[in-house]
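The values are calculated or read from the model by the stated rules, or taken from the named source; none is laboratory data. Keep in mind it's a predicted model, so treat the numbers as computed, not measured. No Cβ is skipped: glycine too gets one built from the backbone with ideal geometry, and neighbour counts run over all protein chains shown. For accessibility, only protein heavy atoms count, side chains too; no ligands or nucleic acids. Shrake-Rupley method; radii C 1.70, N 1.55, O 1.52, S 1.80 Å.
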Amino acid sequence: MSATVHRRSMRLSFAAGCSRILPPALVLTMLVLLAGVKAGLEPGGVILLAAGVVGIPGAVYKGAKPLFRRRGIPDSRRIRIVAVLMLIGTVICWAIPLEAPIPLTVAALFLGNAVLVFLRRRLDVSAHVSVLTFAVLWVTALFGGGWAWLLILSPLMMFSRVALREHTRHEALAGAALGGATFSCFLVAMTWS
(Lines give C-alpha, C1' and ligand atoms only; values in the text may rest on other atoms or scores of the structure.)
Protein backbone atom coordinates (compact mmCIF):
# COMPACT_ATOMS: atom_id res chain seq x y z
CA MET A 1 0.00 0.00 0.00
CA SER A 2 1.49 3.32 -0.99
CA ALA A 3 1.70 6.23 1.44
CA THR A 4 -0.73 8.26 -0.69
CA VAL A 5 -3.41 5.54 -0.59
CA HIS A 6 -2.90 5.08 3.17
CA ARG A 7 -3.24 8.85 3.83
CA ARG A 8 -6.38 8.98 1.69
CA SER A 9 -8.00 6.07 3.56
CA MET A 10 -7.08 7.64 6.93
CA ARG A 11 -8.54 10.96 5.79
CA LEU A 12 -11.78 9.30 4.65
CA SER A 13 -12.00 7.33 7.89
CA PHE A 14 -11.59 10.54 9.93
CA ALA A 15 -14.12 12.35 7.72
CA ALA A 16 -16.68 9.58 8.06
CA GLY A 17 -16.18 9.63 11.83
CA CYS A 18 -16.95 13.36 12.04
CA SER A 19 -20.20 12.98 10.12
CA ARG A 20 -21.20 9.86 12.05
CA ILE A 21 -20.42 11.29 15.51
CA LEU A 22 -22.19 14.62 14.93
CA PRO A 23 -25.30 14.04 12.79
CA PRO A 24 -27.74 16.98 12.65
CA ALA A 25 -30.41 15.18 14.73
CA LEU A 26 -27.98 14.61 17.61
CA VAL A 27 -26.65 18.17 17.45
CA LEU A 28 -30.21 19.58 17.40
CA THR A 29 -31.20 17.36 20.33
CA MET A 30 -28.21 18.49 22.39
CA LEU A 31 -28.96 22.11 21.54
CA VAL A 32 -32.60 21.86 22.64
CA LEU A 33 -31.59 19.99 25.80
CA LEU A 34 -29.07 22.73 26.63
CA ALA A 35 -31.68 25.43 25.97
CA GLY A 36 -34.05 23.66 28.37
CA VAL A 37 -31.37 23.38 31.05
CA LYS A 38 -30.35 27.03 30.56
CA ALA A 39 -34.01 28.08 30.96
CA GLY A 40 -34.25 26.13 34.22
CA LEU A 41 -36.71 23.44 33.13
CA GLU A 42 -37.05 20.32 35.24
CA PRO A 43 -35.54 17.14 33.70
CA GLY A 44 -38.96 15.90 32.55
CA GLY A 45 -39.66 19.24 30.88
CA VAL A 46 -36.30 19.18 29.12
CA ILE A 47 -36.98 15.69 27.76
CA LEU A 48 -40.52 16.65 26.69
CA LEU A 49 -39.15 19.75 24.95
CA ALA A 50 -36.55 17.72 23.04
CA ALA A 51 -39.13 15.10 22.08
CA GLY A 52 -41.55 17.69 20.77
CA VAL A 53 -39.10 19.94 18.96
CA VAL A 54 -36.63 17.38 17.60
CA GLY A 55 -37.98 13.88 18.24
CA ILE A 56 -41.33 14.06 16.47
CA PRO A 57 -40.08 15.99 13.40
CA GLY A 58 -37.03 13.70 13.29
CA ALA A 59 -39.20 10.59 13.40
CA VAL A 60 -41.27 11.93 10.50
CA TYR A 61 -38.13 12.86 8.56
CA LYS A 62 -36.34 9.53 9.01
CA GLY A 63 -39.12 7.10 9.89
CA ALA A 64 -41.65 8.12 7.22
CA LYS A 65 -39.11 8.04 4.39
CA PRO A 66 -39.85 4.44 3.30
CA LEU A 67 -43.61 4.99 3.54
CA PHE A 68 -43.44 8.16 1.43
CA ARG A 69 -41.22 6.49 -1.17
CA ARG A 70 -43.47 3.41 -1.41
CA ARG A 71 -46.43 5.65 -2.13
CA GLY A 72 -44.49 7.74 -4.67
CA ILE A 73 -44.66 10.90 -2.55
CA PRO A 74 -41.65 13.16 -3.20
CA ASP A 75 -39.12 13.79 -0.43
CA SER A 76 -39.79 17.52 -0.72
CA ARG A 77 -43.29 17.00 0.74
CA ARG A 78 -41.89 15.06 3.72
CA ILE A 79 -39.39 17.87 4.33
CA ARG A 80 -42.20 20.44 4.21
CA ILE A 81 -44.15 18.40 6.78
CA VAL A 82 -41.11 18.50 9.06
CA ALA A 83 -40.91 22.28 8.62
CA VAL A 84 -44.61 22.58 9.57
CA LEU A 85 -44.05 20.40 12.66
CA MET A 86 -41.14 22.62 13.67
CA LEU A 87 -43.33 25.69 13.16
CA ILE A 88 -45.97 24.15 15.43
CA GLY A 89 -43.27 23.46 18.05
CA THR A 90 -42.09 27.07 17.79
CA VAL A 91 -45.61 28.44 18.22
CA ILE A 92 -46.18 26.19 21.25
CA CYS A 93 -42.93 27.39 22.85
CA TRP A 94 -44.08 31.01 22.46
CA ALA A 95 -47.69 30.29 23.50
CA ILE A 96 -46.89 28.46 26.77
CA PRO A 97 -44.61 30.77 27.24
CA LEU A 98 -41.30 29.12 28.02
CA GLU A 99 -38.35 30.96 29.53
CA ALA A 100 -35.49 32.31 27.42
CA PRO A 101 -33.57 31.06 25.50
CA ILE A 102 -36.02 28.30 24.50
CA PRO A 103 -38.49 30.21 22.28
CA LEU A 104 -35.81 32.09 20.35
CA THR A 105 -33.65 28.99 19.98
CA VAL A 106 -36.54 26.91 18.65
CA ALA A 107 -37.58 29.80 16.36
CA ALA A 108 -34.02 30.01 15.02
CA LEU A 109 -33.98 26.26 14.39
CA PHE A 110 -37.26 26.56 12.50
CA LEU A 111 -35.90 29.52 10.50
CA GLY A 112 -32.73 27.60 9.61
CA ASN A 113 -34.76 24.56 8.53
CA ALA A 114 -37.17 26.65 6.46
CA VAL A 115 -34.33 28.44 4.67
CA LEU A 116 -32.56 25.11 4.13
CA VAL A 117 -35.71 23.71 2.48
CA PHE A 118 -35.87 26.75 0.22
CA LEU A 119 -32.14 26.77 -0.64
CA ARG A 120 -32.05 23.08 -1.43
CA ARG A 121 -34.16 23.73 -4.50
CA ARG A 122 -31.08 25.27 -6.11
CA LEU A 123 -28.06 24.07 -4.09
CA ASP A 124 -27.53 21.01 -1.89
CA VAL A 125 -26.62 23.08 1.18
CA SER A 126 -25.02 20.96 3.91
CA ALA A 127 -27.41 20.53 6.83
CA HIS A 128 -24.59 18.90 8.84
CA VAL A 129 -22.46 22.04 8.54
CA SER A 130 -25.36 24.46 8.99
CA VAL A 131 -26.67 22.86 12.18
CA LEU A 132 -23.22 22.39 13.69
CA THR A 133 -22.16 25.97 12.89
CA PHE A 134 -25.30 27.35 14.54
CA ALA A 135 -24.83 25.06 17.55
CA VAL A 136 -21.20 25.94 18.29
CA LEU A 137 -21.92 29.67 17.95
CA TRP A 138 -24.99 29.29 20.19
CA VAL A 139 -23.11 27.37 22.90
CA THR A 140 -20.22 29.86 22.85
CA ALA A 141 -22.61 32.84 23.11
CA LEU A 142 -24.79 31.41 25.88
CA PHE A 143 -22.25 29.53 27.97
CA GLY A 144 -19.21 31.79 27.52
CA GLY A 145 -15.87 32.01 25.78
CA GLY A 146 -14.56 28.93 27.55
CA TRP A 147 -16.50 26.97 24.96
CA ALA A 148 -14.91 28.76 21.99
CA TRP A 149 -12.78 25.68 21.30
CA LEU A 150 -15.97 24.12 19.85
CA LEU A 151 -15.66 26.51 16.90
CA ILE A 152 -13.14 24.11 15.32
CA LEU A 153 -15.97 21.61 14.78
CA SER A 154 -17.55 23.60 11.95
CA PRO A 155 -14.49 23.53 9.65
CA LEU A 156 -13.94 19.86 10.58
CA MET A 157 -17.49 19.07 9.48
CA MET A 158 -16.95 21.02 6.23
CA PHE A 159 -13.84 18.92 5.61
CA SER A 160 -15.81 15.78 6.43
CA ARG A 161 -18.69 16.47 4.06
CA VAL A 162 -16.38 17.45 1.19
CA ALA A 163 -13.95 14.55 1.74
CA LEU A 164 -16.86 12.09 1.74
CA ARG A 165 -18.09 13.71 -1.48
CA GLU A 166 -21.50 14.31 0.07
CA HIS A 167 -21.13 18.03 -0.77
CA THR A 168 -18.91 20.33 -2.78
CA ARG A 169 -16.86 23.06 -1.11
CA HIS A 170 -19.49 25.60 -2.16
CA GLU A 171 -22.29 23.56 -0.58
CA ALA A 172 -20.33 23.13 2.67
CA LEU A 173 -19.52 26.86 2.77
CA ALA A 174 -23.18 27.65 2.06
CA GLY A 175 -24.07 25.46 5.06
CA ALA A 176 -21.65 27.41 7.26
CA ALA A 177 -23.07 30.70 5.96
CA LEU A 178 -26.62 29.53 6.68
CA GLY A 179 -25.66 28.47 10.21
CA GLY A 180 -23.95 31.81 10.80
CA ALA A 181 -26.86 33.79 9.36
CA THR A 182 -29.36 31.84 11.47
CA PHE A 183 -27.26 32.47 14.56
CA SER A 184 -27.09 36.17 13.69
CA CYS A 185 -30.91 36.29 13.58
CA PHE A 186 -31.01 34.52 16.94
CA LEU A 187 -28.51 36.98 18.41
CA VAL A 188 -30.40 40.02 17.14
CA ALA A 189 -33.66 38.64 18.55
CA MET A 190 -31.98 37.90 21.91
CA THR A 191 -30.65 41.47 22.02
CA TRP A 192 -34.11 42.95 21.31
CA SER A 193 -35.98 40.78 23.80
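In the chain, the portion of solvent-accessible area held by carbon and sulfur atoms comes to 70 percent [1.4 Å probe, whole percent, DNA, RNA and ligands not counted]. Protein heavy-atom accessible surface, 1.4 Å probe, per residue over segment 13-87: 57 Å². Remark on the chain: hydrodynamic radius 17.5 angstrom, per the Kirkwood mean of 1/r across alpha carbon pairs. For the chain, the longest principal axis of the alpha carbon atoms and the long axis of helix 127-143 meet at an angle near 50°.
When peptides 134-140, 89-95, 63-69, 22-28 are ranked by their average number of other Cβ atoms within 10 Å per residue, the highest-first order is 134-140, 22-28, 89-95, 63-69. Using the Cβ-Cβ distance between residue 192 and residue 91 with R0 set to 25 Å, the FRET efficiency works out to roughly 0.85. Between 107, 16, 172, the residue with the greatest mean-square fluctuation in the GNM of the chain (Cα pairs under 10 Å linked by springs) is 16. Protein heavy-atom accessible surface, 1.4 Å probe, per residue over segment 135-179: 51 Å².
When +1 charges are put on Lys and Arg Cβ atoms and -1 charges on Asp and Glu Cβ atoms, the dipole computed for segment 38-111 relative to its Cα centre reaches about 640 debye.
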